[in-house]
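Take a look at the structure set out below.
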Amino acid sequence: MITLDEGEITIRSRSQRPIAKYFPELLIPDQAFRATNALFDAEIVCFDDGGKPFFEWAVRRIQQSTEAGIARFQAKHPAICLMFDCLYLDGRPIMSEPLYRRKEWLADSIRDNTPYRVSETMAEGVSLFEAVSKLGLEGIMAKERKSPYLPGRRSPTWLKIKSHRTMEAIIIGYTKGKGDRGNVFGALHLGCYNGDQIEYLGKVGTGFDDKLLRGVMAELATLKEVVRPFKERPLDDAQSVWIEPSIVCEVRYSSLTKDGRLREPVFLRLRPDMAPEDCDREA
């Protein structure tokens with residue numbers, strides 16, 4: 001969420017974490033906006049050499065802890081902010097206005113030739129989805145032209161249509177590594193919330209290179225060990241370490257088994273922009 005307030009810009013992640021300091025190239029209110037006060041829904045992306053968004057670079061930018069690190073990653077992986085929607089504009093809440101009108105006001109409020117860009121829309125969803133799938137991108141958002149903005153709610157008027165099955169899950173533990181993985185982990189135990197209880201989704205042990213293994217293990221090592229957070233005992237329970245459920249990751253999978261386990265899961269990335277509460281069985 002991008003907040004513009006009398007020449008000041010605030011940027012917050014999905015989990016409400018303030019992240020503006022990691023993207024200094026976006027802190028240009030006079031250059032970027034024609035509005036004085038506004039609230040925008042957006043996504044910060046970094047593009048690779050082929051023009052595709054590369055999520056890991058955006059994540060690495062918000063992991064920097066020093067000004068030198070922030071400046072170094074800014075120069076190496078500049079950010080673009082794609083603006084999806086406008087909720088409030090110059091004294092007026094506009095969430096109940098139809099989407100096509102909000103998009104018009106959004107476009108009018110953003111100046112050209114800045115890191116802020118309006119996310120383009122197309123009427124031909126099928127052809128767009130086919131092109132996105134061919135390029136290996138994740139998918140598309142389909143929205144009804146007259147739909148309102150409904151914060152914090154799922155709606156049939158907005159649909160996420162993915163080119164492959166993915167899921168966000170909570171890392172709830174890991175198996176101890178062996179052989180080449182002796183210093184890291186063998187596989188990650190995954191779960192999600194079903195009401196206020198954690199439900200087991202199985203484990204994922206593929207999709208990692210050496211650098212990713214070390215990076216994920218460094219994150220896991222900061223967490224406290226806990227009692228297994230669900231009743232059933234996995235076969236490798238004795239070789240497992242259970243940790244506080246605070247880290248979210250994204251996995252690709254082929255389907256779900258009858259008992260709700262992930263079939264053929266592959267680790268894609270950590271999701272520091274998401275909270276564990278975002279991972280629920282309904283989603």
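Can you pull out every residue in segment 86-114 that is of a type outside the set (Phe, Trp, Tyr), surrounded by 16 or more Cβ atoms within 10 Å (Cβ to Cβ) and assigned to a helix (DSSP H, G or I)?
Hits for segment 86-114 are 99, 102, 103, 106, 109.
Taking the condition of a type in the set (D, E, K, R), over 30 Å from residue 20 (Cα atoms) and crowded, with 19+ Cβ neighbours inside 10 Å, does residue 178 pass?
Numbers: of a type in the set (D, E, K, R): yes; over 30 Å from residue 20 (Cα atoms): yes; crowded, with 19+ Cβ neighbours inside 10 Å: no.
No, not satisfied.
Residues of segment 177-194 being touching a residue at least 12 places away in the same chain (Cβ under 8 Å), in contact with a strand residue (DSSP E or B) (Cβ under 9 Å, 6 or more places away or on another chain) and either farther than 15 Å from residue 234 by Cα or not assigned by TED's automatic domain parsing to the domain that holds residue 213 (or both), which ones?
Listed by number, the residues that qualify are 184, 185, 192, 193, 194.
One line per residue, one yes/no per condition, for (1) free of Cβ contacts under 8 Å to residues at least 60 places away in the same chain; (2) at positive phi; (3) of a type in the set (Asp, Glu); (4) out of contact with any Pro (no Cβ under 7 Å at 6 or more places or on another chain):
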| residue | (1), (2), (3), (4) |
| --- | --- |
| 24 | yes, no, no, yes |
| 28 | no, no, no, yes |
| 39 | yes, no, no, yes |
| 55 | no, no, no, yes |
| 64 | yes, no, no, yes |
| 67 | yes, no, yes, yes |
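Here is a list: 125, 91. Which entry is out of contact with any Ser or Thr (no Cβ under 8 Å at 6 or more places or on another chain) and within 30 Å of residue 267 (Cα to Cα)?
125 is the lone residue from the list that is out of contact with any Ser or Thr (no Cβ under 8 Å at 6 or more places or on another chain) and within 30 Å of residue 267 (Cα to Cα).
Look through 268, 201 and report the one residue that is closer than 29 Å to residue 131 by Cβ, assigned to a strand (DSSP E or B) and not charged (D, E, K, R).
The conditions single out 268.
Against the definition (of a type in the set (D, E, K, R), surrounded by 15 or more Cβ atoms within 10 Å (Cβ to Cβ), in contact with a helix residue (DSSP H, G or I) (Cβ under 9 Å, 6 or more places away or on another chain) and touching a residue at least 24 places away in the same chain (Cβ under 8 Å)), how does residue 138 come out, yes or no?
Against the criterion (of a type in the set (D, E, K, R), surrounded by 15 or more Cβ atoms within 10 Å (Cβ to Cβ), in contact with a helix residue (DSSP H, G or I) (Cβ under 9 Å, 6 or more places away or on another chain) and touching a residue at least 24 places away in the same chain (Cβ under 8 Å)), residue 138 qualifies.
Which of the numbered conditions does residue 277 fail, given that it passes all the others? Conditions: (1) surrounded by fewer than 13 Cβ atoms within 10 Å (Cβ to Cβ); (2) over 14 Å from residue 198 (Cβ atoms).
Condition not satisfied by residue 277: (2).
Taking the condition of being within 21 Å of residue 39 (Cβ to Cβ) and either of a type outside the set (Asp, Glu) or not assigned by TED's automatic domain parsing to the domain that holds residue 43 (or both), how many residues in segment 67-119 meet it?
Residues that pass the stated criteria total 34.
Here's a check for you: in segment 43-52, which residue that is under 12 Å from the mean Cα position of the chain (by Cα) and not charged (D, E, K, R) is surrounded by the fewest Cβ atoms within 10 Å (Cβ to Cβ)?
It comes out as 45.
The values are calculated or read from the model by the stated rules, or taken from the named source; none is laboratory data. Given the structure is predicted, the values throughout are model-derived calculations rather than measurements. Every residue, glycine among them, receives a Cβ derived from its backbone with ideal geometry; neighbour counts consider all protein chains shown.
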